[in-house]
1. So in segment B:22-36, with the set limited to residues that are in contact with a helix residue (DSSP H, G or I) (Cβ under 7 Å, 6 or more places away or on another chain) and facing chain A (nearest Cβ under 9 Å), which one is nearest to B:GLN87 (Cα to Cα)?
2. Does segment A:425-444 contain at least one residue that is touching a Cys at 6+ places or on another chain (Cβ under 9 Å) and not acidic (Asp, Glu)?
3. Before we move on, is B:LYS34 within 29 Å of A:HIS116 (Cα to Cα), surrounded by fewer than 21 Cβ atoms within 10 Å (Cβ to Cβ) and touching a residue at least 12 places away in the same chain (Cβ under 8 Å)?
4. Given A:GLY336, A:GLY355, A:GLY340, which one is assigned by TED's automatic domain parsing to the domain that holds A:ALA300, among the small types (Gly, Ala, Ser), crowded, with 22+ Cβ neighbours inside 10 Å and modelled with pLDDT under 95?
5. Only one residue in A:PRO426, A:PRO440, A:PRO472 is within 12 Å of ligand 1 (Cβ to nearest atom) and modelled with pLDDT of 95 or more. Which one?
6. Condition first: over 15 Å from A:TYR139 (Cα atoms) and either away from chain B (no Cβ under 14 Å) or within 12 Å of ligand 1 (Cβ to nearest atom) (or both). Now tell me which residues in segment A:97-109 satisfy that.
7. Run down A:ARG91, A:ARG140, A:ARG136 and say which single residue is within 29 Å of A:SER453 (Cα to Cα) and within 16 Å of ligand 2 (Cβ to nearest atom).
8. Residue check, A:ILE462 against (1) touching a helix residue (DSSP H, G or I) at 6+ places or on another chain (Cβ under 7 Å); (2) within 16 Å of ligand 1 (Cβ to nearest atom); (3) at pLDDT 95 or above, all met but one. Which one?
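The values are calculated or read from the model by the stated rules, or taken from the named source; none is laboratory data. Here the structure is a predicted model, which is why all the values come from computation and not from measurement. Glycine also receives a Cβ, built like all others from the backbone with ideal geometry; neighbour counts cover every protein chain displayed.
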Amino acid sequence: MSVPKLEQLSQSVVQGPSLAAGAIPTRDWMDIPVKFTPGSYAYVAKKDKVEYLNSQSGLSFPNAREWSPEDDDWKLPEGWKEIILKGLQERLGKFRSLKIFMDCCVRCGACADKCHFFLGTGDPKNMPVLRAELLRSVYRNDFTLGGKILGKMVGAREMTVSVLKEWFMYSYQCTECRRCSVFCPYGIDTAEITMMLRELLHLVGIGINWILEPVSNSNRTGNHMGLQPHTFKDNVEFLVEDVESLTGVKPNISFNRKGAEILFITPSADVFAEPGLYTAMGYLLLFEAIGLDYTWSTYASEGGNFGLFTNNEAMKKLNAKMYAEAERLGVKYILGGECGHMWRVVHQYMDTMNGPADFLEKPVSPITGTVFENAASSKMVHISEFTADLIKHGKLKFDKSRNSHIKATFHDSCNPARAMGLIDEPRYVLDHVVDWVEMPENTIREQTFCCGSGTGLNTDEIMELRMRAGLPRANAVKYVHEKHGVNMLSCVCAIDRATLTSLNDYWTPEVGVCGVTELVANAIVQEDETRGELEEGLRTMVF
Amino acid sequence: MDIAEGFRFHGDKIVNRWVEYTLSTYTSSGFFLKERDKFANPVGGNLREGLQKLFLLLSRDADPQEFTAPLEQIISIRAVQEFTPGQAVAPLNAVKHIVREAFAADKERQHLVGELYDFEFSVDLAVIAAFDIYMQYRERLYQVRIAEIKSGNHILTDSKCPSSMLDGDNKKIIKTVNGI
Ligand code: SF4
Ligand code: SF4
């Protein structure tokens, strides 16, 4: 009697859920069409933003229009299919890696269960191997002999509107985090396949607002917030005042100063939004403590490169702006703040797109004399390596007890960890300034789990998606919170500071989020400071 | 043989079946079932752990207050996946049927089927608590959204306040409310 009842229970509740979470697929994945419902997609780009971007030199964002993914008709341009196929052909010729990635997957499945979107949703199309198949199936159909002859038998399929819709759904359920690539025996980087999918979609006017508006702002004012130079300057000055009232030390700052030794660039979110503000205050204190000869720029006022999430032209243009400003100001090199995708672009793409930056000098720390050979070509040094070097040479005096109210852990942000190998430097810094513990081994360093909201997916209309994609990360945070009493999640990425805050607010509200430099500055002891009376450290007082 | 012994004897089997049933509500249930590392498989791992703990509590007639922790472990996850509220909570109910099935198939313990009133009542309480927890987590999600919008992380200068997006629809909504 009980067995039929159980079946009845399943039938009455499990029937008819969307593909992503309930139904057991009885059909081949290719035959299951995607369905767009509120919450399953990020809002599409506003028409005026697309128009503006399309009118800018070096950029192409055609087919601006009002449309919705929920409509049957996406108002695609005339001949859209040819545009896509031609676009793919061009890219296969231009990017050798794409051609290799299309050809060499043996479908071993090693990557299948490594993606946080798959782990959080159980949706097979979120397995990296299937995500890549979305493009590969079309590639096979139109660009390989086997596919042309044998079609579906070899996993080939024609480019149709429904395939296009699937591309949109799943290229925006990938944060280009590269975790899957760590496990692939062939080094196939599904993140780059997602990048190609997004590029191709832009050719026919498919893109999301949370990415295109920041790109358009960055193009227009130099930062993704769209802050104009005077506002940017005001904000940094406010932070100087805050630092002064908290510590008694007034940091010296300058803007657009020609002849400064170093240009400092960080994500604009750090000077504008919590909790990044505290990291920015940290930079100010740190630079003051060592008397660094540096300048901010109100034009290159953004480290984050939202162009990376659209197409290579936009990425190139936004990256070039930082170097153009460095050249204009005549600095020796660039020091970069805690950011994720800025570093990926600098480390992986800058040299071939805009480099080498021969007009700058090989970076040397003015305080320790250390030559940063690793940055010899990009001419850009990461704040964590810069700080670690200062500590190593005993140039900073710390009072670690100022962070004694904090038990920290460290989140390796995907881009610094996997795209530039910045893994030990922030840990070395943390060792000197705070009591901290690691999260479980298979969730850190190269294997780190994404915050779930990277690549421009940190928009609130897809909050549920972000929470389930962030579950693998949050799950490890929760573990160290319960086991070791961790109450602070530190990281070196501005997007993370925003997205992990939301993630923790849902999964582990007891754990805050901070930048590594915030903890550094909190522990720095300087002459003439007056914060001796602060028992609870800088952040706590701000609260 | 009393019912406590019955639960002990069949416990592992019941929990396994319950976990299997619950994970079958996911498309890729195979992986969620197989991978036992909780960090490599957070959905499978947490659901298994939560159901294990919950079963122990249910089978020893524990204070329903104690259900909260394991229920949160399960429902916090299902509240952000693509389930209706009913679908999110329903697998909890399945344990009633699974227990009956296990006892009924065991000649020595068949008679225990008639003694399940207290156990099933506990399950009912757990299901009711699960709905409350589901709602708490949904509310928390909305709070997270609001906090994010307020933090400034969200602001793109020439975007308007998110509530202004309602503008166009507002008139329609007001009309509907007023029955015009
Ligand atoms: S790059 Fe990251 S998000 Fe994209 S498929 Fe790989 S693991 Fe998933
Ligand atoms: S691990 Fe590499 S070769 Fe194996 S299925 Fe994934 S992409 Fe293909």
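1. Looking at residues that are in contact with a helix residue (DSSP H, G or I) (Cβ under 7 Å, 6 or more places away or on another chain) and facing chain A (nearest Cβ under 9 Å), I get B:THR25.
2. Yes: one or more hits.
3. For B:LYS34, the condition - within 29 Å of A:HIS116 (Cα to Cα), surrounded by fewer than 21 Cβ atoms within 10 Å (Cβ to Cβ) and touching a residue at least 12 places away in the same chain (Cβ under 8 Å) - is not met.
4. After ruling out the rest, the residue left standing is A:GLY340.
5. Details: A:PRO426 fails: within 12 Å of ligand 1 (Cβ to nearest atom); A:PRO440 fails: within 12 Å of ligand 1 (Cβ to nearest atom).
Selected residue: A:PRO472, the only one of A:PRO426, A:PRO440, A:PRO472 that is within 12 Å of ligand 1 (Cβ to nearest atom) and modelled with pLDDT of 95 or more.
6. Listed by number, the residues that qualify are A:VAL106, A:ARG107, A:CYS108.
7. A:ARG136
8. It fails just one condition, (1).
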